[in-house]
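The values are calculated or read from the model by the stated rules, or taken from the named source; none is laboratory data. This structure is a prediction, so every number in the text was calculated from the model and none was measured. Counting neighbours? That spans all protein chains shown, and the Cβs are built from the backbone with ideal geometry, glycine included.
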Amino acid sequence: MDAVQKPEGFPEEKLLVLPDYLASELAGFELTKNFYVSNIGYFPRARHHYRERPEGCDSHIVIYCAEGAGWIEQDGRTDTLTERHLAVIPAGAPHRYGASEEAPWSIYWFHLRGGQVGAHLALYGLAGQPIPMPAALGAGFAESFERCYGLLADKPYSLPAQVHVSLTLGQLLGAIGLSASGSPRHRKREEDLSRAIRFMNDRLHVTVTLPELAKHAGLSKQHLIHLFKQETGFPPIDYYLRLKMQKASQLLSLTGLSVKEIAAAVGFGDPYYFSRMFKKLMGTSPTDYRRVPKG
């Protein structure tokens, strides 16, 4: 797989590595310390391209294969990277990778550093196996890359340029993650969640129990709790209560209904219990909330 190795230099390549002092400045600057680019490049038809880092890299490495093919070995597995696929190698992970001998890849790549890069990649599910991209998104990747590379090449010492590049690449990776999340399994999860939330919204004026909600969603109670916690951060009934308080806050702002009437409208027979719950979740009493100017 790596019998012939050519670690440096390809015709028409693009390569930009920030000097250490500039990387240190970005690591300390408020708007880039959590997410910034340290290296960026493009290797076209990179025959014999090969890298090996037994100790891993101090940056997260993003590789997009525009054409051809290659391979990446990390975490005890070897993945083939083919046309219009993106792969991420987490910081600190031992790895090696290289171009296919038969059809060497053309790759866009960049290294990311910062306190939130790992969380960003994990949120969008980009730190696992290579991710396929639709043709339109692949073209958008190349376009965004060219803009960012050109900006850094022209103005490497400009903090506004560095911030713009960080935001652009962060949004690009988010778009890729959202596109890749459209698997049948993910769509099923979204449909289950949406069905449960619609059931809640249609019944804000009454009380829905967990067994009723699970039955309507066609899921076990345990599965429903896991789904809500993973997708919303709250158990189902906690989320339901927040929907009720959101509705109550709208009624407080937009109507002249009394607190007692609003409590009844969101399924609370006891207005005092409603007021305590509203303050607990919204941080202020219904009366004080109504007094605060909105808009």
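Quick check on region 257-291: of everything there that is among the hydroxyl-bearing types (Ser, Thr, Tyr) and part of a loop (DSSP other than H, G, I, E, B), which residue is surrounded by the fewest Cβ atoms within 10 Å (Cβ to Cβ)? Please lay out each step first, then the result.
Kept after step one, since they are among the hydroxyl-bearing types (Ser, Thr, Tyr), are these residues of region 257-291: 258, 272-273, 275, 284-285, 287, 289.
Of the ones still in play, those that are also part of a loop (DSSP other than H, G, I, E, B) are 258, 284-285.
Numbers: Ser258: 11, Thr284: 13, Ser285: 14.
In this case the residue turns out to be Ser258.
Within region 79-128, how many residues turn out to be of a type outside the set (Ser, Thr, Tyr) and not in a loop (DSSP other than H, G, I, E, B)?
The total comes to 25.
Going by the structure shown, is Pro236 under 26 Å from Gly269 (Cβ atoms), of a type outside the set (Phe, Trp, Tyr) and under 24 Å from the mean Cα position of the chain (by Cα)? Explain how you work it out, then say what you get.
On the way: under 26 Å from Gly269 (Cβ atoms): yes; of a type outside the set (Phe, Trp, Tyr): yes; under 24 Å from the mean Cα position of the chain (by Cα): yes.
Against the criterion (under 26 Å from Gly269 (Cβ atoms), of a type outside the set (Phe, Trp, Tyr) and under 24 Å from the mean Cα position of the chain (by Cα)), Pro236 qualifies.
If you check Leu219 against the conditions, is it in contact with a Pro (Cβ under 9 Å, 6 or more places away or on another chain), not polar (S, T, N, Q) and not assigned by TED's automatic domain parsing to the domain that holds Val62? Walk me through it before giving the result.
Details: in contact with a Pro (Cβ under 9 Å, 6 or more places away or on another chain): no; not polar (S, T, N, Q): yes; not assigned by TED's automatic domain parsing to the domain that holds Val62: yes.
No.
Hey, any hits in region 52-62 for a residue that's surrounded by 19 or more Cβ atoms within 10 Å (Cβ to Cβ), among the aliphatic types (A, V, I, L, M) and either at pLDDT below 95 or on the phi > 0 side of the Ramachandran plot (or both)?
No, every residue in region 52-62 fails to be surrounded by 19 or more Cβ atoms within 10 Å (Cβ to Cβ), among the aliphatic types (A, V, I, L, M) and either at pLDDT below 95 or on the phi > 0 side of the Ramachandran plot (or both).
Rundown of residues vs (1) touching a residue at least 40 places away in the same chain (Cβ under 8 Å); (2) farther than 29 Å from Ser275 by Cα, yes/no style:
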position	(1), (2)
Gly170	yes, yes
Leu173	yes, yes
Arg198	no, no
Leu204	yes, no
His223	no, yes
Phe228	no, no
Ile237	no, no
Leu243	yes, no
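Is it the case that Ile176 is crowded, with 19+ Cβ neighbours inside 10 Å and outside the structural domain of Glu73 (by TED's automatic domain parsing)?
Working: crowded, with 19+ Cβ neighbours inside 10 Å: yes; outside the structural domain of Glu73 (by TED's automatic domain parsing): no.
When the stated conditions are applied, Ile176 does not pass them.
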